[in-house]
Every structure is written in structure tokens, then in C-alpha cells.
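The values are calculated or read from the model by the stated rules, or taken from the named source; none is laboratory data. Worth saying up front: this structure is predicted, and the values here are computed from it rather than measured. Note: ideal-geometry Cβ built from the backbone for every residue, glycine included; neighbour counts use all protein chains shown. Just the protein is used for accessible areas: all its heavy atoms, side chains included, with ligands, DNA and RNA removed. Shrake-Rupley method; radii C 1.70, N 1.55, O 1.52, S 1.80 Å.
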Amino acid sequence: MALSVTEKIIRNHIVSGEPVKGQEIGLKIDQTLTQDATGTMAYLQFEAIGIPKVKTELSVSYIDHNTLQTGFENADDHLFLQTIAKKYGVYFSKPGNGICHQVHLERFGIAGKTLLGSDSHTPTAGGIGMLAIGVGGLDIALAMAGMPFYLKMPEIVNIRLTGRLNEWSSAKDIILEVLRRLSVKGGVGKIFEYTGSGVNTLSVPQRATITNMGAELGATSSIFPSDKITYDWLSRQNREKDFVEILPDDDARYDATIEINLSEIEPLIACPHSPDNVKPVREVTGTKINQILIGSCTNSSFSDIMTAVKILEGNYVHPEVSFALAPGSRQVLMMLAKNGGLKELYRAGARVLETACGPCIGMGLAPNTNGISLRTFNRNFEARSGTKSAQVYLVSVETACASALTGVITDPRTLGKRKRIKSSAKFLIDDSMIISPAKDEEKIEIIRGPNIAPLPVNEGIKDNFIAKVILKVQDNITTDHIMPAGAKVLPLRSNIPKIAEFVYSGIDTTFYKRALETKGQGKYGIIIGGENYGQGSSREHAALAPMYLGIKAIIAKSFARIHRDNLINFGIIPLVFENSTDYEKIDLNDELEFNDMLLTIDKGKIEVLSLKDKTRITLKLLASDREKTILKAGGKLNYIRDVPKNG
């Protein structure tokens, strides 16, 4: 039987179910990664499971999000993460070592392995042929405990690349083209596998840029084959032993195929406020800009930063532009220091930032009021930058640097002949900031600062209850809307009661008060949503904090995958309108009556009564039998404690 790369990896890791589209399967997980914004809760959850040591082949805890230390909270969390990693058999990447996805690609990723990460951009590792999936922290905790990861067998879509990129086009433009065609919900329930002769023209960092932003499609994952290009890149990382060739069979079959001729790709730009609002750069040239930022897990590799160096070489950043750049890893930064690239960036007027996520998650460098900011990042949701009135555009490094020189959005093709980057024969290897687990783990004391609060406990579902609608929102609500990030909120990620005060604060400042009042009245809360509810980040706090506030169900037209899974993990019922026009029948403060829930959850169809006008509305629960049992238990931790009974 001819198989795709994705099918080969799934068949090598499947432990339950059959790899039939739409059926639930369980996969063995080889590796996990966490980052500090999600990691504290993941390790608290791992502790709650009661396993003495991680059972994965490799687990790594990265510090890359909460590196701005304006108080004790982030530093305390870092100590907790370092000591708990030592105790439970997890590698620890110290602050300053780099962004989790960039470092994992450089030092740990292995083709053919499965990787689960508590960050939505974990599929970056698909650039070297891993099946890498972003999930919430609780799913990471379970994987570290040796339990399978469950998902519905996705559709596998072949994106067949032909031709070769033109001189000033880039991998970023390829994924922007895919987003332009498919939209931010075009990848839900799908894995995108890249094939074709054009694949042979793309380096590993270019491939990783594409798989990274597959998350913006809502995709389960994206993946490239592991081939001679993969081997060359790994060998320059002194990791030849980690190379495994994985290619699709010649007559592999896919659920759909999308053809892209790379020679037809031109410089593209995602306009505010969505990654799929894509236009050719030439259509918006001349727009005055205030800020340019290069970096993030999308475009911070050595080749990305050297692209910036070569464009800025001998030139100066426009005097009215604030230009900053963040290398993705310590390796990249040290190589820039060694080859003179760092000196050239400073000379040209760049601000060189710490090797961390930084402004991509609103951690510093917020634009000015009404500012125009060009970023090589992966998301441009409203207010994510830290300035609600800012207009954020997503571009390639080439477009960003061309614009930095002129002070307006500029098509890089106007720069003339491109200077070539000389490939490094070997990458600079120094893993001294990666701390290995302790061999005498029983002697390790876990350090917990006062910011680390106990896990909130949910209750099982009641058979009959009345719930009040305390918020109604539109389509494409992101996890940034639900649970904001930024320097003020991120340090509270290990304290659910505190961070819950910020739920939906950017949309409705009275939400927290109303939710508490409803909970105090002994009623559950409900949120009504539109299409693609919960797109974006994997942050499980967007489910955990609402659960703490008494939210029992979200009723939406459709859900983004990771957020839907996180809702189930914490006992919040993700319900879908059977008839999407029923969305209009429910208003803020309406009360809905739920009856016979233990029975109707099993059936997957729930009829609720609106107490306002006695209207009956039919809802669907699109969940597996296992997920329904989890919901009835009040969430996955409760379910796990009852595993012998649940089977």
C-alpha cells in the first residue's frame, strides 16, 4: 500500500483505533516540549497525575515567553520549571538559549518521530519531517506520563510545489499564498504535506517557516519529507546520527491536492487584522510605517537574520522607523557575533533584542498609537501587539528590510540584484544552556514561589441545570481575545484565580464581574460564539480560567481544534448549533435550560429551552465516546483519576 509521509509516521505510532479519516486514533508520543507561559500549568498537572518520571523518549522545558522580569513572578516560575525538570527527567533550556521551536529544530528534532508541544507553533518541527502537533498543557502532561494522544484521523492534503522561488520571493510568501487561498479556518481537521520538485529547492529553515505558519490555517500539522536537504542541515548541526530518510511513496494518495508554482509567487503581505488578509506587496507600497520587527519562531533562523544583514549592509534604517530584530536562538546570535553580522546590524541602526519570543506575544515593543508595524511574525490579531489601535502587517524578512530603508512599505524587488548569503559549513554548537535532568532526582527540591497557585478543581456535569448567557461574540474569536497575553498578564499564567480577572478584558471589561456574579448565584455561565471560535494560540488558560469562573458550555457555529480540545480537557462542553441561524435567537443575559444531560451527551444531540420565549434550540456535541465520558467527569484530570472505571 502506497503511503504518504504523514501516514507512515501515524502507522508507526498508532496504539488505538484505525487510521480512517474522521475516526479517533491514539498515538504514541516520542517527544514533548513546553514553554514557560504554558509549562507551569503543564507540570502542575503532571504532578497531579502522580508519575515519578517522564516516560517519553525526550521532553524539553523551554524559557522563551516570560523573559521580561518586572516583578518576582516570572523569575519564580523559571525556578519552579528548572527544579521540576531536574526532578522528573526533563531537559531545561535556560532563558536566553532561544525560542523553543528554533532550538528544538536545531538540537532535538528527529524525522519520523512524534512531537507534542504546548504551543500552537509546534508544527515548526515538520520542517525536518516530524509529525509535530500543538496542544494544551494537560495533553502534554498526559503524554509525559506515557499516555497516548487522541485525535480524529485528519485529512491529508498534498501541497505540491513546482518551480523555484524568484530572487526576492521567500518561504514566508509561500505560506501567505496558502493562507490567501484557504483562510484561517481552511486547515481545520487537516494535515498539510508538501511534495513536488519545488520541495528540493527549499532549505530546512524555509520549510520550517512554512510549517510554522500552518498553525494559522487551523491545521493539525504540516510536514515536509526528510531528504538530502534535511541530512545536510542536520550534519551541519553535528547531528548526522539523527537523520532518517522519510519520503512519500511515488503513488501515495491524498484527500486533496493543491498546486503551487513557486516561480509565480511574488512578495505578499498579510494586512490587519488577520493572517489570511493577504495581498501582493505591490498593492500597498508607499504606506508610511512606524515600526519594523524581525524575529519570532517564524523568521529568526541564521539564514533569516543574515538576509537582513545583507540587505542592510552599507545602508541605514530610515530615521523615522523603529527597527528591532531578535535572533531565534543563542546559536544564531553567537554566529552573528562571530561573522560580523551583529556589528553590521548595530551599524545600520537596528535594535538587537534577546533571543526570545518578545514582541510577538506582546512582551515589549508595542507600537505607537495608530502605528503601522511590519512584522515577520505569524499573527497580527488586533491588540496582540500591545496597542489596540495599531495596524500590524505580516511580511517576509526581505519586505521588512526593504521597507526599513525607505520608511514606507516597499516591494523588495525594487532593490535590484540580491546579495547572496554564504552558507556556513558547520553551525556553532554550544549546548551549555541546556540543563540535563538530575541523576539523583529524589534529592531535588521543587521551588515554588507565591505566584504558583493550586490547580482549580472542576465538578462533574449535573443532569439538569440552568445557565446564563454572559457573553456573545462574533466569528474568528482568538485565544488572544479570550485570554490576553502581554507583559501585564503573562506573569500570572501559574495563578488561575488572578489571571481569570483578565478573561475577555479586551472585548468586555465587565465580563469578569458578570461571570463571578452568575457563579455566586449558583448558575453556570455560557458564551455564544460564531465560526472558528478559539483560533490561534494553544494557551489552555483560555479554557482553564473560564472554567474557574463557572463557564459550563460554549455554543458556537464552529471551533478551532486546539481550543475545542482544551475545553473538553477542563469540562467545558463545546456545543455547535445544528442550525447556524439559531445563533441570532440567543442574546446576552438569556437563560437556557439543560435537561437529561448525562443521557443527551451520550447521544451527541442536546435540546435546550430558552426561558425568555420558550424557544427550543437543538445543539450538537461533536465528540468521541471517550471525550463524552471526560465531559461527564468534569474534565480530563477527573477522568484519569477514574481510569480503572472508565477503562
Using only Cα atoms, what Kirkwood radius does the chain have, in angstroms? 24.9
Magnitude of the Cβ-charge dipole (Lys and Arg +1, Asp and Glu -1) of segment 375-485 about the Cα centre, nearest 20 debye, reported as 860
In segment 285-350, the GluC sites (Glu not before Pro) that fall in loop regions by DSSP, at most 10 other Cβ within 10 Å: E320
Give me the aspartates and glutamates in straight-line cross-link reach of K468: C-alpha distance below 17 Å, same-chain residues under 8 apart excluded. D508, E517, D582, E584, D587, D590, E591, E593, E607, D613
Rh (Kirkwood, all Cα-Cα pairs) for segment 266-307, Å, reads 12.1
Treating each Cα of segment 145-277 as an identical point scatterer and ignoring solvent, apply the Debye formula and state log10 I(q)/I(0) at q = 0.22 Å⁻¹. -1.39
Computed over segment 261-418, the convex hull of the Cα set has an average projected area, in nm², of 8.7
Accessible surface of segment 357-501 [probe 1.4 Å, protein heavy atoms]: carbon and sulfur percent: 52
Quick one, can you get me the convex hull of the C-alpha atoms of segment 1-125 expressed as volume per residue in Å³? 121
In deg cm²/dmol, rounded to the nearest 500, the helical mean residue ellipticity at 222 nm of the chain, built from -39500 (n - 2.57) for every DSSP H run of length 4 or more, is -8000 deg cm²/dmol
Would you please classify the overall shape of segment 405-515 from the alpha carbon gyration tensor, given that a ≥ b ≥ c denote the square roots of the eigenvalues, rounded means a/c under 1.5, and beyond that prolate means a/b larger than b/c while oblate covers the rest? oblate
Cβ-placed point charges (K, R +1; D, E -1), dipole of segment 479-633 about Cα centre in debye, nearest 20: 380
Whole-Å semi-axes of the ellipsoid equivalent to segment 352-428 (Cα gyration tensor, √5λ, descending): 26, 19, 9
Rg(Cα)/(2.2 N^0.38 Å) for segment 40-107, N = residue count: 1.13
Checked against the positive end of the charge dipole of segment 415-470 (+1 on Cβ of Lys and Arg, -1 on Cβ of Asp and Glu, about the Cα centre), the farthest of L455, L415, L428 is L415
Cross-link table K113/K172; K8/K190; K557/K605, entries beyond 20 Å C-alpha to C-alpha: K113/K172
Descending packing, highest mean Cβ count within 10 Å first, for 623-633, 85-95, 467-477 is 85-95, 467-477, 623-633
Surface/4 of the Cα convex hull for segment 61-213, nm²: 11.0
Let me confirm the definition first: pairs of Lys residues in segment 259-403, 8 or more apart or on different chains, C-alpha distance under 26 Å. How many are there? 7
Nearby aspartates and glutamates by direct alpha-carbon distance to K55 (threshold 18 angstrom, same-chain neighbours under 8 apart not counted): D30, E47, D139, D440, E441, E442
Over all pairs of different Cα atoms in segment 564-640, the reciprocal of the mean inverse distance gives a Kirkwood radius in Å of 13.1
Between S300, I466, H13, whose Cα lies farthest towards the positive end of the dipole of the chain when Lys and Arg beta carbons carry +1 and Asp and Glu beta carbons carry -1, centred on the Cα centre? S300
Classify segment 501-568: rounded, prolate or oblate, from the alpha-carbon gyration tensor (a ≥ b ≥ c, eigenvalue square roots; a/c under 1.5 rounded; otherwise prolate if a/b is larger than b/c)? prolate
Obtain the radius of gyration and the Kirkwood radius of segment 221-302 from its C-alpha atoms and give Rg over Rh. 1.07
Whole-number D in µm²/s for segment 453-525 (Stokes-Einstein; Kirkwood sum over Cα pairs; 10 °C, 1.306 mPa s): 115
Cα-centre dipole for the chain with unit charges at Cβ (Lys and Arg positive, Asp and Glu negative), debye to 20: 760
Where only protein heavy atoms count, and the probe is 1.4 Å, what is the accessible area per residue for the chain in Å²? 36
